[in-house]
1. Given ARG118, ARG108, ARG99, which one is at pLDDT below 85, assigned to a loop (DSSP other than H, G, I, E, B) and open to solvent by 40 Å² or more (accessible area, probe 1.4 Å)?
2. Within the range 71-83, how many residues turn out to be assigned to a loop (DSSP other than H, G, I, E, B) and surrounded by fewer than 15 Cβ atoms within 10 Å (Cβ to Cβ)?
3. Listed residues VAL46, VAL86, VAL60; which is under 16 Å from ALA28 (Cα atoms), out of contact with any Pro (no Cβ under 9 Å at 6 or more places or on another chain) and crowded, with 18+ Cβ neighbours inside 10 Å?
4. Kindly establish whether ALA38 is touching a helix residue (DSSP H, G or I) at 6+ places or on another chain (Cβ under 7 Å), in contact (Cβ under 8 Å) with a residue 40 or more places away in the chain and either open to solvent by 40 Å² or more (accessible area, probe 1.4 Å) or among the hydrophobic types (A, V, I, L, M, F, W, C) (or both).
5. Does ARG52 count as within 17 Å of VAL102 (Cβ to Cβ), open to solvent by 70 Å² or more (accessible area, probe 1.4 Å), of a type in the set (D, E, K, R) and modelled with pLDDT of 90 or more?
6. Among residues belonging to the range 1-27 that are assigned to a loop (DSSP other than H, G, I, E, B) and open to solvent by 80 Å² or more (accessible area, probe 1.4 Å), point out the one that is modelled with the lowest pLDDT.
7. Could you count how many residues in the range 43-70 are without any contact (Cβ under 8 Å) to a residue 24 or more places away in the chain and not in a helix (DSSP H, G or I)?
Amino acid sequence: MASAAGTGYQDPSAEVLTEAAAAFGLLASPARLHIVWALTQGESDVTGLAERVGGALPAVSQHLTKLKLAGLVRSRREGRRQVYFVDSAGQAAVVEVVRLLVGRLAERDTAAPARRLRGL
């Protein structure tokens, strides 16, 4: 780990930066971002998520699989259903960033719909 000159802070390792970039890369998909946002509001099964985000059941299931592999969401079995929820322990900071950013953009969009981020 290198330190930033004169700051006393240590830069993260290449492995940490790679893992963080992968997590943010997964969230670059609007569908996955919507799924994580929905799960910050409360747990759900895949059928409920598909209805909420407007996606096909197989596509939402595939997104959930990728999000689980990245450690952003977890699941538990309830009878014959898999219930998904955000992994508040493993990736709490990333999930909190999603919740805050999407929430603020949604509030801003409601207040001034003509103002949008483009090309970011």
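1. Exactly one of ARG118, ARG108, ARG99 is at pLDDT below 85, assigned to a loop (DSSP other than H, G, I, E, B) and open to solvent by 40 Å² or more (accessible area, probe 1.4 Å), namely ARG118.
2. The number of residues fulfilling the criteria is 3.
3. Every option except VAL60 fails the conditions.
4. So ALA38 does not fit the description; no.
5. Judged against the criteria, ARG52 is a match.
6. MET1
7. 2
The values are calculated or read from the model by the stated rules, or taken from the named source; none is laboratory data. Since the model is a prediction, treat every value here as computed from it, not as a measurement. All Cβ positions, even for glycine, are placed from backbone atoms using ideal geometry, and neighbour counts span all protein chains on display. Note: accessible area is taken over every heavy atom of the protein model, side chains too, but ligands, DNA and RNA are not part of it. Shrake-Rupley method; radii C 1.70, N 1.55, O 1.52, S 1.80 Å.
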